[in-house]
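**Student:** One structure, as structure tokens, below. Some questions next.
The values are calculated or read from the model by the stated rules, or taken from the named source; none is laboratory data. Note that the structure is a prediction, hence the values are computed from the model and not measured. Note that we place each Cβ from the backbone using ideal geometry, even for glycine, and neighbour counts take in every protein chain shown. For accessibility, only protein heavy atoms count, side chains too; no ligands or nucleic acids. Shrake-Rupley method; radii C 1.70, N 1.55, O 1.52, S 1.80 Å.
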Amino acid sequence: MSDSLILSRVEGQLLHVVINRPQKRNALTPEMLEELAAAVRGADAHPEVRAVIVSGEGPIFSAGIDLAALAQTPQAVVALNPGRWARRFAERLQHALHVIEATEVPVIGALHGQVLGMGLELALSFDLRVAAADVAMSIPEARLGLVADVGGTTRLARTVGPSRSKDLLLTARSIDAAECLQWGLVNRVVAPAELMTSTVALAQQIARNAPLAVGMAKLIVDQGDGLDKHSQMALERWAQSQLLSSEDFQEAVRAFMEKRAANFKSR
């Protein structure tokens, strides 16, 4: 295994991005999070890539932020204006997750073992999440006198609703795979040995569809969040008007008439 903390490779139509710091329980530094975001966005450089899979090397997905690395921040910098430093630091991490979330290609998380704190905040920036049956998720910041400030309160509430978000945030408890699935925090739960196979199968199922339509659907859902019904439906109309003139749509019609699988090429 490489010494790089973030690995990436293209396999067919899929881009795999791996957190590779198992000796530190895949604890994340700001630099790692930014490198991970850049690797995910790297899908743009590969027209053949139709989905991204993010996973963690070793026994757990991620233990969250690397507190030891955080403690090495020069105290003179923090002491100058601690409030402003904290806001700028959180903004830096938030931006990295925004980059992942805004990637046009669907991003799928393959989650196993513990998914803690910022590890869960990272997972919430993915479009879909496949969990091994041994997964345990928590946001323990309340035990430290803190809040989850890298989208943990925001994305969590938008994913599972305010009441369940408060349950997780205020108790700082850990929830297992069954509860994650019941809440809608993950999309699939599979046996640990089948995690990557099942995640790849899901990604390949997406990859068989028209990439422009997949990207548009993701955009409408994400950008429409918080809009009133009529504004979001206007997005639908605009997207459809663009897709009707695309080569993807023309190829889909030809494939249907010729009773064959479509060969989509557009991005």
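**Student:** Of everything in region 142-159, what is of a type in the set (V, I, T) and open to solvent by less than 20 Å² (accessible area, probe 1.4 Å)? Give them in sequence order.
**Tutor:** Selection gives V150 alone.
**Student:** Further question on the same structure: Identify the residue in region 235-265 that is open to solvent by less than 40 Å² (accessible area, probe 1.4 Å) and either of a type in the set (K, R) or within 30 Å of T159 (Cα to Cα) (or both) and, among all such residues, is nearest to the chain's Cα centre (by Cα).
**Tutor:** This residue is A239.
**Student:** Got a sec? Which strands (runs of 3 or more DSSP E) wholly within region 120-203 have at least 1 residues that are in contact with a Pro (Cβ under 9 Å, 6 or more places away or on another chain), modelled with pLDDT under 95 and among the β-branched types (V, I, T)?
**Tutor:** Here the list is empty.
**Student:** Separate question: With the requirement that a residue be closer than 19 Å to P30 by Cβ and of a type in the set (D, E, K, R), what does region 100-149 give you?
**Tutor:** Across region 100-149, the qualifying residues are E101, E121, E141, D149.
**Student:** Then there is this: Between residues in region 137-153 that are more than 20 Å from S125 (Cα to Cα) and residues that are open to solvent by 70 Å² or more (accessible area, probe 1.4 Å), which pairs lie under 7 Å by C-beta distance while being six or more apart or on different chains?
**Tutor:** Close Cβ pairs satisfying both conditions: A142/L170.
**Student:** So, one more: For Q205, all conditions in the list (1) without any contact (Cβ under 8 Å) to a residue 24 or more places away in the chain; (2) open to solvent by less than 60 Å² (accessible area, probe 1.4 Å); (3) not acidic (D, E) hold save one; what is the number of the exception?
**Tutor:** It is condition (2) that Q205 fails.
**Student:** Oh, and also: Which of (1) closer than 19 Å to F126 by Cβ; (2) over 16 Å from the mean Cα position of the chain (by Cα); (3) at pLDDT below 95; (4) not aromatic (F, W, Y) is the odd one out, the single condition G226 does not satisfy?
**Tutor:** It fails just one condition, (1).
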